[in-house]
Amino acid sequence: MRSMTVPPVRLVLVVLLAGLLVWLAIDRLVSQRDSARLERDSAQFERDGLRQAARITGERLAIAAENDRKNTQELTDALNTNQELRRVVDAGDGRLLVNATCTVTQPANPGAGGVANAATAELAANARSDYFTLRDQLALGRQMILGLQDHIRNFCTTTPKQTGATHEQ
C-alpha cells in the first residue's frame with residue numbers, strides 16, 4: 001500500500017491559499033463593518049438634523065400662532081370699539097365731530113342783523129356709515145401690517161425673535 005504523503009510544497013501552498021482566503025473574507029467583513037458604521041453615523045447625523053429642524057419649526061409655529069392670536073385679538077378689540085362708537089352715535093348719545101373750523105361769512109348788508117352759526121362741525125348722517133367702514137378697514141389694515149411685520153421678524157430672519165415686543169402706536 002502506498003502511503004499518502006503530501007509533498008511539503010503542496011501543503012504549504014494549500015495552507016497559504018487557505019490563509020489568503022480567510023484573510024480576504026476577514027478583510028471583506030471589516031470593510032462591510034466600516035461601511036455599516038459610516039451609514040449608521042450618517043443616519044444618526046441626519047436624524048439629529050431632522051430633530052433640530054422639527055424643534056425649530058415647532059418653536060416658529062408656536063410663535064406664529066401667538067402672533068396670530070395677539071393680532072386677531074387686537075383687531076377684534078378695535079372692531080368692537082368701532083361698533084360701540086357706531087351704536088352710541090346711532091342712538092344719539094354721541095356725535096362724530098369733525099376737526100374743522102366754520103368760517104363766518106359776512107352778510108351782504110352789514111347793517112342787517114345776523115347770527116353766526118357757532119355750532120361744532122359734524123359729519124352728515126349719510127357720511128357716518130362710510131366713516132365707520134373706513135375705521136374698520138383702517139383697523140384691519142393696521143393689524144395685517146403688524147402681523148406681516150411679526151412674520152418677517154420671525155420667519156424671514158435666521159434667528160426667530162421672541163414675541164412680547166410692543167408695537168408702536
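The values are calculated or read from the model by the stated rules, or taken from the named source; none is laboratory data. Computed from a prediction, not measured in an experiment: that's the story for all the values here. Ideal geometry is used to build each Cβ from the backbone, glycine not excepted, and the neighbour counts take in all protein chains shown.
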Of the residues in the stretch 122-138, those that are touching a Leu at 6+ places or on another chain (Cβ under 7 Å) and either among the aliphatic types (A, V, I, L, M) or free of Cβ contacts under 8 Å to residues at least 12 places away in the same chain (or both) come to Leu123
Selection from the stretch 71-86 of residues over 20 Å from Leu123 (Cβ atoms) and aliphatic (A, V, I, L, M) yields Leu75
| said: Could you go through the stretch 12-30 and let me know if any residue there is exposed (fewer than 10 other Cβ atoms within 10 Å of the Cβ), modelled with pLDDT under 95 and of a type in the set (A, V, I, L, M, F, W, C). | reply: no
Counting only residues in the stretch 40-69 that are under 13 Å from the mean Cα position of the chain (by Cα) and of a type in the set (Lys, Arg), the one surrounded by the fewest Cβ atoms within 10 Å (Cβ to Cβ) is identified as Arg69
Considering residues that are at pLDDT 70 or above and hydrophobic (A, V, I, L, M, F, W, C), the number found within the stretch 86-141 is 16
